[in-house]
Each structure stands twice: as structure tokens, then as C-alpha cells.
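Structure record follows, encoded as C-alpha cells.
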Amino acid sequence: MALILEMMATRKHSLDQILAGIPKYYSAGCKVPCSSSQAVDVLRRLSHQYADLKPTTTDGLRLDWDDAWALIRASNTEPFMRIFAEARSQEKAEELVARFKAEIGA
């Protein structure tokens, strides 16, 4: 809160003005049945398939575009893969989730 108040004071902007300058993103997600052994194969395959995007593999497989990102990861507690996406439109976020759901084979 202190940082927001500092921004308001130094920029002489209202909170609404500051928020208007922050891009809005929409999210979508789902879970897909997948065993742990299958998940390893899926993540390896997708990592190679999308190598041009320089995927991050810290917590699953994260792919970044200019206007969106997707994270595909195995659940630690259930036999599922989880797919999350954020994009500048709800339609794009849902399209990314559907795309990776299909690529996983669900």
C-alpha cells in the first residue's frame, strides 16, 4: 500500500489513472487426467515442440508470447496435468487451454 501511495504522490495520478495504465489479462485453466509417467513424456515432448519459445521448466512447462502465457504442469497430489493460461482476451486464454488440452491428448 505504501508503494501505491508513493506512486500516487510522485506521479500526481489518482489510483484509477494508475490502474488504467496496467494492461488487463484474462485467465483460463483446466485439469486433464494424466499419470505421472505420462506427464513426464508430455512435458518433454511439448518442451521440444515449443523450443523456439525458450520454455521455462521451473514448475512444469511455461511458454510465453508477447500477449499471453501458458503453464502446463503435473499435479503433485492427483493423476492430472493442469493447464493455466493468461492472455489479453478471455477468448485467447481459453483457446490456449483448449490447444494444450488437445496436444496432451485429452
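The values are calculated or read from the model by the stated rules, or taken from the named source; none is laboratory data. No experiment lies behind these values; they were computed from the predicted model shown. Cβ sites come from the backbone with ideal geometry, for glycine too, and all protein chains shown count toward neighbours.
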Within segment 18-33, the count of residues that are surrounded by 10 or more Cβ atoms within 10 Å (Cβ to Cβ) and modelled with pLDDT of 90 or more comes to 9
Within segment 55-96, restricting to residues that are of a type in the set (Lys, Arg) and either touching a residue at least 12 places away in the same chain (Cβ under 8 Å) or crowded, with 19+ Cβ neighbours inside 10 Å (or both), the one that is nearest to residue 42 (Cα to Cα) is 73
Among (1) farther than 24 Å from residue 88 by Cβ; (2) surrounded by 14 or more Cβ atoms within 10 Å (Cβ to Cβ); (3) under 18 Å from the mean Cα position of the chain (by Cα); (4) not charged (D, E, K, R), residue 50 falls short only on (1)
When restricted to 11, 99, the only residue surrounded by 11 or more Cβ atoms within 10 Å (Cβ to Cβ) and under 18 Å from the mean Cα position of the chain (by Cα) is 99
Of the residues in segment 42-54, those that are without any contact (Cβ under 8 Å) to a residue 24 or more places away in the chain and of a type in the set (A, V, I, L, M) come to 51, 53
